[in-house]
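Novice: Once you've had a glance at the structure underneath, I'll fire off some questions.
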Amino acid sequence: QVQLVESGGGLVQPGGSLRLSCAASGSFFNIYAMGWYRQAPGEQRELVATTTTGSATDYADSAKGRFTISRDNAKNTVYLQMNSLKPEDTAVYYCHAKLQLAPFRPLNPYWGQGTQVTVSS
């Protein structure tokens, strides 16, 4: 059973910073990509940032210049450093991973349970 466990959400004032973490655990062969999505009330879930095993990264335009995604492959953990936070960044942030359960098996998507980030004064 694969689990993605997020931590680091909370309440922060505009202009502040937060660091989210997501650790993958369980039985699997390889993690190809890990990343973060977010969903605000009444909105669709949207990409924030992703990173692959080869360290390629992709950011939403809203995250560029403010957020940094990084990954510790040895710990199967992905991080999202969020700086200069704005009220519009308020959302539930979900960790996402694409991984193989065994060699030569297809990539499967997995989601964490979500962590709330609230940016408010």
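The values are calculated or read from the model by the stated rules, or taken from the named source; none is laboratory data. These figures come from a predicted structure and were not determined experimentally. Note: ideal-geometry Cβ built from the backbone for every residue, glycine included; neighbour counts use all protein chains shown. Protein only, heavy atoms only, side chains kept; ligands, DNA and RNA dropped before computing areas. Shrake-Rupley method; radii C 1.70, N 1.55, O 1.52, S 1.80 Å.
Novice: Could you list, in sequence order, all residues of segment 23-44 that are loosely packed, with under 15 Cβ neighbours inside 10 Å and either out of contact with any Ser or Thr (no Cβ under 7 Å at 6 or more places or on another chain) or of a type outside the set (Phe, Trp, Tyr) (or both)? Steps first, please.
Specialist: Of the residues in segment 23-44, the ones loosely packed, with under 15 Cβ neighbours inside 10 Å are 25-27, 29-30, 32, 39-44.
Result: SER25, GLY26, SER27, PHE29, ASN30, GLN39, ALA40, PRO41, GLY42, GLU43, GLN44.
Novice: Read through the list (1) among the small types (Gly, Ala, Ser); (2) open to solvent by 30 Å² or more (accessible area, probe 1.4 Å); (3) over 14 Å from LYS98 (Cβ atoms); (4) outside any strand (DSSP E or B), then give the number of the only condition that SER70 fails.
Specialist: The one condition SER70 does not meet is (4).
Novice: How about segment 56-97: which of its residues are of a type in the set (A, V, I, L, M) and at pLDDT 95 or above?
Specialist: ALA60, ALA63, ILE69, VAL78, LEU80, MET82, LEU85, ALA91, VAL92, ALA97
Novice: If you go through segment 1-22, how many residues are open to solvent by 40 Å² or more (accessible area, probe 1.4 Å), part of a strand (DSSP E or B) and not charged (D, E, K, R)? I'd like the intermediate steps shown before the answer.
Specialist: We begin by selecting, within segment 1-22, every residue open to solvent by 40 Å² or more (accessible area, probe 1.4 Å); these are 1, 3, 5, 7, 11, 13-15, 17, 19.
Then keep just the ones that are part of a strand (DSSP E or B); that gives 3, 5, 7, 11, 19.
Add one more test, that the residue is not charged (D, E, K, R), and what stays is 3, 5, 7, 11.
Of the residues in that region, 4 qualify.
Novice: Any idea which residue in segment 77-121 is nearest to SER21 (Cα to Cα), counting only those that are assigned to a loop (DSSP other than H, G, I, E, B) and without any contact (Cβ under 8 Å) to a residue 40 or more places away in the chain?
Specialist: Selected residue: PRO106.
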